[in-house]
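The values are calculated or read from the model by the stated rules, or taken from the named source; none is laboratory data. From a predicted model like this one, the values you see are computed outputs, not experimental measurements. Cβ placement follows ideal geometry from the backbone for every residue including glycine, while neighbour counts extend to all protein chains displayed. Calculation scope for accessible area: heavy atoms of the full protein, side chains included, ligands and nucleic acids excluded. Shrake-Rupley method; radii C 1.70, N 1.55, O 1.52, S 1.80 Å.
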Amino acid sequence: MSLASTSHRKSKVGSTPAVAFSDFSFLDSDSVGPSYTTKGRLRGLRFFVEGMRCGQCVRKLENLPATTPGVLSSRANLTQKTVEIEFDSKVIQPSKVAESIETLGFVPIPVTTDIELSTLSQKTQRQTWIRLGVAGACAANIMTFSFSTYFGASGDWATAFGWLSFALYLPVVTYVAWPFYQGAYRSLKQRSLSIDLPMAVASLAGFVFSTIQLIRGQSDYYFDSLSGFLFLILVSRAIQQRLQTQFLSKNEFAQGLELKRLRKLVSSGWHWVKAEEIKAGQGFVVLQGDTLAAEGLLESDSALFSLAWLTGESNSRRFLKGATVPAGSVLLSPKAIFLLNKPIQDTQFGKILETVHDIELNKSSLSNMSDRWSQVLLGVVFAAALIFLGIYWSVSPQEAIRRSLALIILACPCAMAFGTPLALASALKRARRHGLVIKDLSVLDRLLSIETVAFDKTGTLTDSNLTLVAVPSIAPVYLKIILALENESHHPIAFAFRKAFSHLESHPPVTGLRESPGVGVSGYIYGRFYELKHLNTRTKEIACGLFEEGILLAKFEFSAQLREDALASIDKIRSYGLKTHLLSGDTEGSVFPVAEQLGFHPTEVHASLSPCDKASWVNKRQNTMMIGDGINDGLALASASVGVAASGSIEAALKSSKVYLAKPSLNGLVELFELAKHTKRHVRHNLLLSLGYNLSGGVLALMGHIHPFTAALLMPASSGLIIFLSWLRDEK
């Protein structure tokens, strides 16, 4: 391929979203391909995917790693109509990745930027509105001719109006209905049924039947009903798409922290604007309790912040004028003024949010159940329509076709396909209200089969703030050495040391600093090797020792208070019939007194466990939930069926666990179990409601009580009913 044709191809891709390409070789070009793919052996591509309309489409795209050698991962986003693919460039070329998507019946369009993606989305929406306009104009005119016939036009006039209706219906049955034919073809090609199939069959079958009737000189044709119902279907889909974007938004976490907007500084004070509307160097105001929605340069003289989201550190930190304050910091002072340095999407906290946002509402056994029900309903509807058509044809061919069309139109499982993602989106909103950050919705499935719940002790069952009981009599230089070793640690002991020795202004540099989870920290200071390690003790206190070249210099003991809601939360979990265990790296002397207060049986208490020991214990048991620290218990959290981080920074926690307790309360665990039960009930209610609506409507259609045009009016009503009931559940 020449450079000219490659450049033309690139321009074409970026400007015309409706074009299907049979040649994606431009992606392999050295001059064009790198602009679409990331560098290195493991490369990435992002596509805008035309034809992605439901959860089944998402699963087809995300199954590419299983069907296409070289494709390592595939992440589809139904709301944005995109798929992001990572592939091995030594196994498969970029063009073959695109072709594998096209083979599924979709139209993949490679994109490089969010602006380009937005342009494609806008053009696709514009085409939808054009189709809607054509359908509305044609339907209105066809209705006018039909009314003339209804009110007495006959003979040549009736024939002329009939052929005019036929001519006006041609753009409807071809251009307007084209997306339905594409969707039906894709589903049949993959040997499955889709919600586009009823529309395609109704449009084509009605057109053929009406044309035959017109040629035969009969007056019983349905160009008015067919055009009207296609117009209404497009309207209902446009409304449903809007509702899907609104209700299935995956930015609930950001919205809850008010990270989508900023208070822009103006001469009269401030006013809210979208975060992306503030440019670098412009001023904005942050009030007490706000989470910083951008990286900013502090203009106020000083301000006090909590960095708990970023570091897990519970102690506040003071910043002075001119300091760069990271996004995600929570202002503890009454008010602060900033100049924008970086928008949130370019910050580390923004990347964390993207991880939280990237929750696929269709990756769940509940979604799979919804798809199975939809497939069964479609199969039953088509079978019933064909059987009825064959049986009733001898009575009245016209009535057999009319009733069969009404059945196919009305009994479309749109609400069934929409109800489950809506219930899962509702679950995310409810989780946020209870301080639960959920990374993967599959945990809601797994929670229902959990048999054992294992707890870490320090920072999980006890308060994360430890208190240094007593300071041994040692030279001040050793206190500075301790601060140097613990300066970057997020362990509760490190926070306790920093709090106790906060009066010390500086500490020496460390080389070879190393932190071993469950053991301690070590490094070289002044050319000598120092260690802070956990000590075995028979007392109830937590202890660690400072070692110089392997020789113990001093012993430190810490005390911790139980969380106020620890006993009530554990008792509630036990009431579900679940087994509870306590896993701790501390010695028996400090673990058993806590276990006794919380009602653990001695056989349920496991002390002096290393991080690997905890992970091994969890691995040996199926259907186990682990609750612990996002850093020190990372191995065990990752090994569990459901890992819940109760402390630590959100970034570290979400690397090893699927759930993060944003609030310092174990009651979030109880809410998590209740949420799983509530979500399953919500999904089942939506499915049963949709099924009942479709079955009762289908029976009425076959009995002749529902006209095809009326069926088109009633079809979106089930989606509206499910949305209304879901809203009522959210308000409770």
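Summary of computed values
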{"quantity": "In the range 700-714, the residues that are open to solvent by less than 40 Å² (accessible area, probe 1.4 Å) and in contact with a Ser or Thr (Cβ under 9 Å, 6 or more places away or on another chain)", "calculated": "Ala701, Pro708, Ala712"}
{"quantity": "Complete set of residues in the range 593-642 that are small (Gly, Ala, Ser) and part of a helix (DSSP H, G or I)", "calculated": "Ala595, Ala615, Ser616, Gly634, Ala636, Ala638, Ser639"}
{"quantity": "Hits in the range 446-468 (condition: surrounded by fewer than 21 Cβ atoms within 10 Å (Cβ to Cβ) and within 28 Å of the chain's Cα centre (by Cα))", "calculated": "Arg446, Leu448, Ser449, Glu451, Thr452"}
{"quantity": "Residue within the range 469-479 that is assigned to a loop (DSSP other than H, G, I, E, B), modelled with pLDDT of 85 or more and surrounded by fewer than 19 Cβ atoms within 10 Å (Cβ to Cβ) present", "calculated": "yes"}
{"quantity": "Qualifying residue in the range 115-138 (condition: at pLDDT 80 or above, under 28 Å from Arg53 (Cβ atoms), surrounded by fewer than 17 Cβ atoms within 10 Å (Cβ to Cβ) and hydroxyl-bearing (Ser, Thr, Tyr))", "calculated": "yes"}
{"quantity": "Hits in the range 258-272 - residues which are at pLDDT 85 or above and either touching a helix residue (DSSP H, G or I) at 6+ places or on another chain (Cβ under 8 Å) or within 15 Å of Ile344 (Cα to Cα) (or both)", "calculated": "Leu262, Arg263, Lys264"}
{"quantity": "Long-range neighbours under 6 Å by Cβ, at least six apart or interchain, first residue surrounded by fewer than 19 Cβ atoms within 10 Å (Cβ to Cβ) and assigned to a loop (DSSP other than H, G, I, E, B) within the range 556-568, second at pLDDT 85 or above and of a type in the set (S, T, N, Q)", "calculated": "Asp565/Asn667"}
{"quantity": "Hey, Ala484 part of a helix (DSSP H, G or I) and open to solvent by less than 50 Å² (accessible area, probe 1.4 Å) or not", "calculated": "yes"}
{"quantity": "In the range 634-647, the residues that are within 11 Å of Val659 (Cβ to Cβ) and modelled with pLDDT of 85 or more", "calculated": "Leu637, Ala640, Val642, Gly643, Val644, Ala645"}
{"quantity": "Residues (among the acidic types (Asp, Glu) and modelled with pLDDT under 85) located in the range 437-464", "calculated": "Asp440, Asp445, Asp463"}
{"quantity": "Candidates Thr144, Thr103, Thr82, filtered to the one that is crowded, with 19+ Cβ neighbours inside 10 Å, modelled with pLDDT of 80 or more, on the phi < 0 side of the Ramachandran plot and not hydrophobic (A, V, I, L, M, F, W, C)", "calculated": "Thr82"}
{"quantity": "So Arg216, is it at pLDDT below 75, open to solvent by 20 Å² or more (accessible area, probe 1.4 Å), farther than 28 Å from Thr291 by Cα and not acidic (Asp, Glu)", "calculated": "no"}
{"quantity": "Failed criterion for Ala638 (all others in (1) touching a Leu at 6+ places or on another chain (Cβ under 7 Å); (2) surrounded by fewer than 21 Cβ atoms within 10 Å (Cβ to Cβ) hold)", "calculated": "(1)"}
{"quantity": "Which numbered condition Ala385 fails, given (1) buried (at least 19 other Cβ atoms within 10 Å of the Cβ); (2) within 16 Å of Leu700 (Cβ to Cβ); (3) touching a residue at least 24 places away in the same chain (Cβ under 8 Å)", "calculated": "(3)"}
{"quantity": "Residues within the range 643-699 that are open to solvent by less than 50 Å² (accessible area, probe 1.4 Å), in a helix (DSSP H, G or I) and under 15 Å from Gly630 (Cα atoms), tallied", "calculated": "5"}
{"quantity": "Close pairs (6 angstrom Cβ cut-off, 6 or more residues apart or separate chains): over 15 Å from Val208 (Cα atoms) in the range 389-411, loosely packed, with under 14 Cβ neighbours inside 10 Å anywhere", "calculated": "Arg403/Gly704"}
{"quantity": "The range 182-199: number of residues that are in a helix (DSSP H, G or I), open to solvent by 40 Å² or more (accessible area, probe 1.4 Å) and either among the aromatic types (Phe, Trp, Tyr) or in contact (Cβ under 8 Å) with a residue 24 or more places away in the chain (or both)", "calculated": "3"}
{"quantity": "Residue selected from the range 483-519 under the condition farther than 30 Å from Lys663 by Cα and over 42 Å from the mean Cα position of the chain (by Cα), by the criterion modelled with the lowest pLDDT", "calculated": "Glu505"}
{"quantity": "Within the range 515-552, tally of residues that are buried (at least 16 other Cβ atoms within 10 Å of the Cβ) and touching a residue at least 60 places away in the same chain (Cβ under 8 Å)", "calculated": "6"}
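Matching residues to (1) closer than 13 Å to Asp456 by Cβ; (2) touching a Ser or Thr at 6+ places or on another chain (Cβ under 8 Å):
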site: Gly550; (1), (2): no, no
site: Phe558; (1), (2): no, yes
site: Leu567; (1), (2): no, no
site: His581; (1), (2): yes, yes
site: Ser616; (1), (2): no, no
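For (1) out of contact with any Pro (no Cβ under 7 Å at 6 or more places or on another chain); (2) modelled with pLDDT of 90 or more, each residue gets a yes or a no:
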site: Lys579; (1), (2): yes, yes
site: Leu582; (1), (2): yes, yes
site: Ser590; (1), (2): yes, no
site: Gln597; (1), (2): yes, no
site: Pro611; (1), (2): no, no
site: Trp617; (1), (2): yes, yes
site: Gln622; (1), (2): yes, no
site: Met625; (1), (2): yes, yes
site: Asn632; (1), (2): no, no
